[in-house]
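Below is one structure; the comments refer to it alone.
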Amino acid sequence: MSNINFTEETENILISLSKDRNIFLEGNILKVINTENNHFQEYLNTALKNDENQRKKRLEITKQVQLQNKELQEQASEKEQLMIDLKNALSNAEKAKQHAEDDLNILQQKTQFELIGNIVQIALMVIVGVGVVVTGMYVFAMYSQSEETTLIGSTWSNLFGILLTNSFSIIGTIMGVKYASDNQKKE
């Protein structure tokens with residue numbers, strides 16, 4: 001490896017630059033510069049110390065940046081995991097919501113079905129009750145040989161017609177409501 005020698009003028013310019021502006025040569029070139037000038041040798045020693053200090057500072061900064069990058073990567077990984085957990089929790093919440101809505105829908109349908117059943121049962125009881133009462137009156141009129149049997153007979157016939165019509169109307173309305181609610185559920 002060959003050494004570098006500067007002219008006296010270049011050495012003086014470098015010394016002047018270090019005094020006026022605090023600017024020194026840096027790097028591995030300092031190791032190969034050769035001089036016989038004591039002032040320039042002091043300059044080289046100072047430049048080597050400055051270079052060593054600058055390298056230490058840069059190394060510390062590099063280590064800090066690497067440490068910060070590592071922390072940022074860990075935080076990014078944690079953030080990504082949190083996002084995944086959040087999406088999973090949101091998905092689970094959506095499923096729970098859907099399950100609750102389905103349960104509520106089933107409960108409402110069950111309640112509606114029970115209500116429809118109660119309405120049909122009461123309507124049938126009323127129809128049967130009226131039919132039994134009117135039939136009883138007609139039988140009593142026939143048994144007692146009343147002159148009103150013709151009037152009661154036509155009334156009995158009309159009443160049964162009305163009761164049958166109303167019972168089919170009630171059942172038809174209930175079936176229509178049930179059919180409509182089933183179609184809404186499918187949509």
Using 0.36 nm per residue, how much length does the chain from Ser2 to Glu60 gain when fully extended, once their Cα-Cα distance is taken away?
17.6 nm
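For the chain, what does the helix formula give at 222 nm: sum of -39500 (n - 2.57) over DSSP H segments with n ≥ 4, over the residue count, nearest 500 deg cm²/dmol?
Taking each H run of at least 4 residues, the total per residue is -31500 deg cm²/dmol.
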For the chain, longest principal axis from Cα atoms; helix 8-21 axis from its Cα atoms; angle between them, nearest 10 degrees, is 50
Efficiency by 1/(1 + (r/R0)^6): what FRET value for Leu124 and Ser154, r their Cβ-Cβ distance, R0 = 25 Å, to the nearest 0.05?
0.55
When only C-alpha pairs under 8 Å and at least 6 residues apart count, what is the relative contact order of region 4-186, in percent?
13
Rounded to the nearest 10 degrees, what's the angle between the helix 149-186 long axis and the longest principal axis of the chain, both from Cα atoms, 0 to 90?
10
What would the Debye equation give as log₁₀ I(q)/I(0) for the chain at q = 0.16 Å⁻¹, counting only Cα atoms as equal point scatterers?
-1.06
In a GNM of the chain with a 10 Å cut-off on Cα contacts, which of Ile84, Ile23, Ile106 has the highest mean-square fluctuation?
Ile23
Once Lys and Arg are counted +1 and Asp and Glu -1 for all other residues with Cβ under 11 Å from that of Lys87, the total becomes -3
Between the DSSP loop rule and a limit of at most 14 other Cβ atoms within 10 Å, which GluC sites (Glu not before Pro) in region 6-55 are left?
Glu26, Glu36
In the neighborhood of Phe6, defined by Cβ-to-Cβ distances under 15 Å, what is the net charge if each Lys or Arg adds +1 and each Asp or Glu adds -1?
-4
Could you work out how far apart the two model spin labels at Glu26 and Glu71 are, taking each label as a point 7 Å from the Cα in the direction of the beta carbon, and quote it in nm?
2.5
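FYI, it's all coordinate maths here, none of it is from the lab. Note that the structure is predicted; figures quoted are calculated from it, not measured. Glycine gets a Cβ as well: all are built from the backbone with ideal geometry, and neighbour counts include every protein chain shown.
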